[in-house]
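Report on one structure; see the data block that follows.
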Amino acid sequence: MKKLLLLGDVHGNFPALKAVGDYIRPELFDWIINTGDFTVYSTFPNETIRWFREKKNTACILGNTDRRVLRILKGKKLKRPKKEEKRVMYYWTSENLHPENIVYLKSLPKKTDLTVGPIHIGIFHGTLEDPDEELYPSAPDGRFHELAKDSPYQIQIMGHSHVPFHKVVDGVHFINTGSVGRMFDGDPRASFAILKISSGKIAVEHFRIPYPVQKVIEGLSNHHLPDVYAKMFRFGKKLN
Ligand SMILES: [Fe+2]
């Protein structure tokens, strides 16, 4: 049996990532997957990236927030987001990332894949077709049929919508890990999933675990970052 730890959308929330690591013992997994958005909206992007850098057998990709941070670091202008309170979080992250973590982010692809026994697994931030597509479990069936059609992958793992789900459509398993660091459903606990593959059989379990939210709030206030983010982390809600 192979065990894969499915993580994503950590958003610099190292206290949440550490709580997940303490809860599940990452060294017991054959693969650790990160669907992207390591950075932005919390003040621990370096600790977050280092955690993944130090692990063996990782399959990690960039998310939209990471790509924007890299854009700033290249000296390019940020077109989006438009709201100043959001932009400030991107600029803070780009100014505070350590060089070795910038090198690491630059080395990552926008999507990747893995083969575990007979099973091909695609890893995306948004979807197989678009890294910026937010795929919700409530999306029309037709969209899932399109993404399943001619899919070279029996499993498509994704993040970006921050909504955990597992759906099987036309024999393809669609798994969203939920967000480790920034849930929006009114429950601030960290979300992640475990995928087990045994003799071609696929089993998925999602988890929600508590973490010390106060540490994230203190990080934001220590760096004089917008109060609205402290509220978002406290209540597990998107407020802007
Ligand atoms: Fe995200």
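Data for the structure
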| quantity | calculated |
| --- | --- |
| Identity of the residue in region 4-28, over 28 Å from K86 (Cβ atoms) and touching a residue at least 40 places away in the same chain (Cβ under 8 Å), that ends up nearest to the ligand (Cβ to nearest atom) | L5 |
| Complete set of residues in region 109-147 that are closer than 12 Å to G63 by Cβ and hydrophobic (A, V, I, L, M, F, W, C) | I123, F124 |
| Qualifying positions in region 80-99 - of a type in the set (S, T, N, Q) and either without any contact (Cβ under 8 Å) to a residue 60 or more places away in the chain or more than 25 Å from M158 (Cβ to Cβ) (or both) | S94, N96 |
| Which numbered condition L114 misses (of (1) open to solvent by 20 Å² or more (accessible area, probe 1.4 Å); (2) within 17 Å of T35 (Cβ to Cβ)) | (1) |
| Spans of strands (runs of 3 or more DSSP E) in region 141-240 with at least 1 residues open to solvent by 70 Å² or more (accessible area, probe 1.4 Å) and away from the ligand (no atom under 16 Å from the Cβ) | 165-169, 190-198, 201-209 |
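Here is a yes/no grid of residues against (1) touching a residue at least 24 places away in the same chain (Cβ under 8 Å); (2) closer than 28 Å to E84 by Cβ:
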{"position": "S198", "(1), (2)": "yes, no"}
{"position": "H206", "(1), (2)": "yes, no"}
{"position": "I209", "(1), (2)": "yes, no"}
{"position": "H224", "(1), (2)": "no, yes"}
{"position": "V228", "(1), (2)": "yes, yes"}
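Yes/no per residue for (1) within 16 Å of the ligand (Cβ to nearest atom); (2) over 25 Å from Q156 (Cα atoms); (3) open to solvent by less than 20 Å² (accessible area, probe 1.4 Å):
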| site | (1), (2), (3) |
| --- | --- |
| K2 | no, no, no |
| F44 | yes, yes, no |
| C60 | yes, no, yes |
| D66 | yes, no, yes |
| I72 | no, yes, no |
| N101 | no, yes, yes |
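The values are calculated or read from the model by the stated rules, or taken from the named source; none is laboratory data. All of these numbers come straight from a predicted model, not from anything done at the bench. Every residue, glycine among them, receives a Cβ derived from its backbone with ideal geometry; neighbour counts consider all protein chains shown. To get the accessible areas, we keep the full protein, side chains included, count just its heavy atoms, and leave off ligands, DNA and RNA. Shrake-Rupley method; radii C 1.70, N 1.55, O 1.52, S 1.80 Å.
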